[in-house]
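These notes are about the structure you will find just below.
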Amino acid sequence: MWQCPLCKLPLKTVQENKPNIPYKTWFCEKKHTFDKAKQGYVNLLPVQNKRSKMPGDDAEMVAARTRFFSAKPYSPLATKLSELMRSLVASRLADSVVPRNLSELPPKSIKIYDSGCGEGYYLEAISESLSDQFLFAGHDISKAAVVAAARRNKDKQLVVASTINIPVVDQSQDIILQVFAPSCASEYIRVLKPCAYVITVDPAPEHLFELKQMVYDSPQLHDENKSGLEGFDIVEEHDLRFQVNLDNAEMRLALLMMTPFYWKTDDNKRARIQMELQQVTADFRVTVWQAALEVNLVE
Ligand SMILES: C[S@@+](CC[C@H](N)C(=O)[O-])C[C@H]1O[C@@H](n2cnc3c(N)ncnc32)[C@H](O)[C@@H]1O
Ligand SMILES: [Zn+2]
């Protein structure tokens, strides 16, 4: 499923006749090689494609995110995402020329790809509740994030890469997941199988509003204008809103540190948030997209 970021030929990652035996070095026919790091991930971001030395979220933000997720505060979102994935695949199979049930498929035949996977919480949570017909993989541009994601997801292939150059072969994925991360519609169209889906999760208007109230004098609701995915149609939209209890100072600080609000607060505000912020609203917009059908107008 992976492709060489240098020449775009497929990468060999497992032995041909023994798919359960992975290679420690991935390689293409042109002999470009990529070593698996001891933490289990592979770096497929060529140095020349890096815009900065350490692109993406830094180690401090990633660690804050991991501390926050340890109490599973967003588990209703993970549950919603796995239910959506199961039902999208089941209805696509039911509508196919030869209708089939999900349980009839061989293991690992439905490919789920997390684009901008961060420290891998959603990959871990979603894969735990879906059957072994699903296979999970993903990338993030931040090495610190992928190291953490690989720690949580030892059974999955995770790589350092950019969304504008996804190192995955054409038409190989069934569902791309993108949670609070940047998108690249043209790459998504390239790597998705025909009629496959993208699921995006964006902040809805009230997301973390109580935190914003403690950061800004006049806090604004989140802008509803999320970026579209050019060439895709929306097939489903869901709003998911729930309260998250912040049981201790560590969790409150972790939440603050994983958001850009951290840099907008002084020591006084940080201390107040750590002591007083008991609860926040989580407000998500979940959108399912499918590549628009090309209408051939030539008679
Ligand atoms: C807000 S975090 C969300 C992470 C994860 N999806 C989650 O919800 O926990 C945004 C992520 O996008 C990654 N990112 C930013 N630019 C990227 C790019 N061009 N390609 C891939 N990942 C990128 C960051 O490193 C970061 O991990
Ligand atoms: Zn190559």
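The values are calculated or read from the model by the stated rules, or taken from the named source; none is laboratory data. Predicted, not measured: the structure shown is a model, and the values here were computed from it. All Cβ positions, glycine included, derive from the backbone under ideal geometry; neighbour counts span all protein chains shown.
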message = For a quick check of your reading of the model, give me the residue pairs whose first member lies in the stretch 19-35 and is under 14 Å from Pro5 (Cα atoms) and assigned to a strand (DSSP E or B), whose second is at pLDDT below 95 and among the hydrophobic types (A, V, I, L, M, F, W, C), with beta-carbon atoms closer than 8 Å and at least 6 apart or on different chains.
response = none
request  = Could you tell me which numbered condition Ala63 fails, if it satisfies all but one of (1) within 16 Å of ligand 1 (Cβ to nearest atom); (2) of a type outside the set (Asp, Glu); (3) at pLDDT below 95?
outcome  = (3)
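Just name the residue that is nearest to ligand 1 (Cβ to nearest atom) out of those in the stretch 109-147 that are among the polar types (S, T, N, Q) and in contact (Cβ under 8 Å) with a residue 60 or more places away in the chain. Working first, answer last.
Keep residues of the stretch 109-147 that are among the polar types (S, T, N, Q), which gives 109, 115, 127, 129, 131, 133, 142.
Going one step further and asking which of them are in contact (Cβ under 8 Å) with a residue 60 or more places away in the chain, we end up with 115, 142.
Values: Ser115: 7, Ser142: 3 Å.
This residue is Ser142.
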task = Output the residues belonging to the stretch 1-32 that are more than 19 Å from Val146 (Cα to Cα) and either within 16 Å of ligand 1 (Cβ to nearest atom) or among the β-branched types (Val, Ile, Thr) (or both).
result = Val14, Ile21
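If you go through the stretch 117-140 one residue at a time, how many are assigned to a loop (DSSP other than H, G, I, E, B) and surrounded by 24 or more Cβ atoms within 10 Å (Cβ to Cβ)? Reasoning before the result, please.
At the first step, the residues of the stretch 117-140 found to be assigned to a loop (DSSP other than H, G, I, E, B) are 117-120, 130-133.
Going one step further and asking which of them are surrounded by 24 or more Cβ atoms within 10 Å (Cβ to Cβ), we end up with 117-120.
Final tally of qualifying residues: 4.
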message = For the structure I just gave you, tell me whether Val89 is more than 23 Å from Arg51 (Cβ to Cβ) and surrounded by fewer than 19 Cβ atoms within 10 Å (Cβ to Cβ).
response = no
task = For the stretch 166-179, enumerate the residues that are surrounded by fewer than 18 Cβ atoms within 10 Å (Cβ to Cβ) and within 16 Å of ligand 2 (Cβ to nearest atom).
result = Val169, Asp170
ask   = When residues of the stretch 43-74 are filtered for being within 18 Å of Leu208 (Cβ to Cβ) and basic (Lys, Arg), how many remain?
value = 3
inquiry  = Given the condition surrounded by fewer than 21 Cβ atoms within 10 Å (Cβ to Cβ), over 18 Å from the mean Cα position of the chain (by Cα), assigned to a helix (DSSP H, G or I) and touching a residue at least 60 places away in the same chain (Cβ under 8 Å), answer yes or no: does some residue in the stretch 77-85 qualify?
reply    = no
Subset of the stretch 228-286 (residues that are part of a helix (DSSP H, G or I), surrounded by 13 or more Cβ atoms within 10 Å (Cβ to Cβ) and within 16 Å of ligand 1 (Cβ to nearest atom)) = Met251, Ala254, Leu255, Leu256, Met257, Phe261, Tyr262
